[in-house]
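Following: one structure in structure tokens, then a few remarks.
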């Protein structure tokens, strides 16, 4: 038996083609490859899809796509931002949204502004804290520290001989705006390196007979994987330090440390040998499109740099040896 052409709308067409294939299967105990190919061409689907239709005996009808509505918004606010609780409530009353709770969470993250979600979860104060024009006032040192990473636009020679750009991790006190710790390393910062930087800030030092450092009440950071890890969060909570996070795509909520990193990149890095010129001089014919030669990159140790009122020494410190990592950054000489 051969498959004859059918006409109709898309759903009716698929139903009619499938009905024909099922009759062929009942009559001949199987559907030939030729019939499957012709059916797939008629329905505009893959041959595997046709075989799955024949195996289950019906056409898989697409479900209506769930999207947040006004009722969901009201439930979101009343339920303190818990989408899992909303999903459970809808299911219990017979209004199953027809999708998993994680799907609802993804749609909500796309549909609502992050500040609205923060306000639903934490109330007015959380919503207000996300506003870009908000001024935060801190009366005492160590009330809050800000922490963040940034990649420096400087070509450096790594332990394995490659030329890459290092990472800098900084901690700043929100009240005094004192830089408590600033570490530079050749690899993407890990949890261990974050803890080491916090420890450096905690030990502190004496500045004009005033001790700088100590234990913070709160550490504010973005939502980097190492910074939101369970090990980091639980370890700080055990020490009595709470966490605050900037919402995704809102660097203004951690603007103090972001401004410091921008200052470093604009006022210091351009005077350092081995800098990547394309970040500051896009029209310069010498713009670097590839790493600089090894004899022109930044030496990791013992090499001061000179600039207008800028004289500093940059030292790369490698983390503790780990499997698959080199032990230290090899210094270069002239």
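The values are calculated or read from the model by the stated rules, or taken from the named source; none is laboratory data. Predicted, not measured: the structure shown is a model, and the values here were computed from it. Every residue, glycine among them, receives a Cβ derived from its backbone with ideal geometry; neighbour counts consider all protein chains shown.
Tabulated results
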quantity	calculated
Residue tally, condition part of a loop (DSSP other than H, G, I, E, B), in contact with a helix residue (DSSP H, G or I) (Cβ under 7 Å, 6 or more places away or on another chain) and under 21 Å from residue 201 (Cα atoms), over segment 153-171	0
Neighbours by Cβ (under 6 Å, 6+ apart or cross-chain): first from segment 1-30, more than 18 Å from residue 58 (Cα to Cα); second surrounded by 11 or more Cβ atoms within 10 Å (Cβ to Cβ) and at pLDDT 85 or above	1/24
Residue within segment 98-116 that is over 26 Å from the mean Cα position of the chain (by Cα), more than 30 Å from residue 37 (Cα to Cα), at pLDDT below 80 and not in a helix (DSSP H, G or I) present	yes
Criterion: under 30 Å from residue 107 (Cβ atoms), surrounded by fewer than 16 Cβ atoms within 10 Å (Cβ to Cβ) and modelled with pLDDT of 85 or more - qualifying residue of 34, 67, 88, 47	88
Residue match in segment 241-249 (condition: more than 22 Å from residue 150 (Cα to Cα) and free of Cβ contacts under 8 Å to residues at least 40 places away in the same chain)	yes
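Conditions (1) farther than 29 Å from residue 220 by Cβ; (2) buried (at least 16 other Cβ atoms within 10 Å of the Cβ); (3) in the same structural domain as residue 251 (by TED's automatic domain parsing), marked per residue:
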| site | (1), (2), (3) |
| --- | --- |
| 24 | yes, yes, no |
| 38 | yes, yes, no |
| 52 | yes, no, no |
| 74 | yes, no, no |
| 77 | no, no, no |
| 100 | yes, no, no |
| 112 | no, yes, no |
| 117 | no, yes, no |
| 125 | no, no, no |
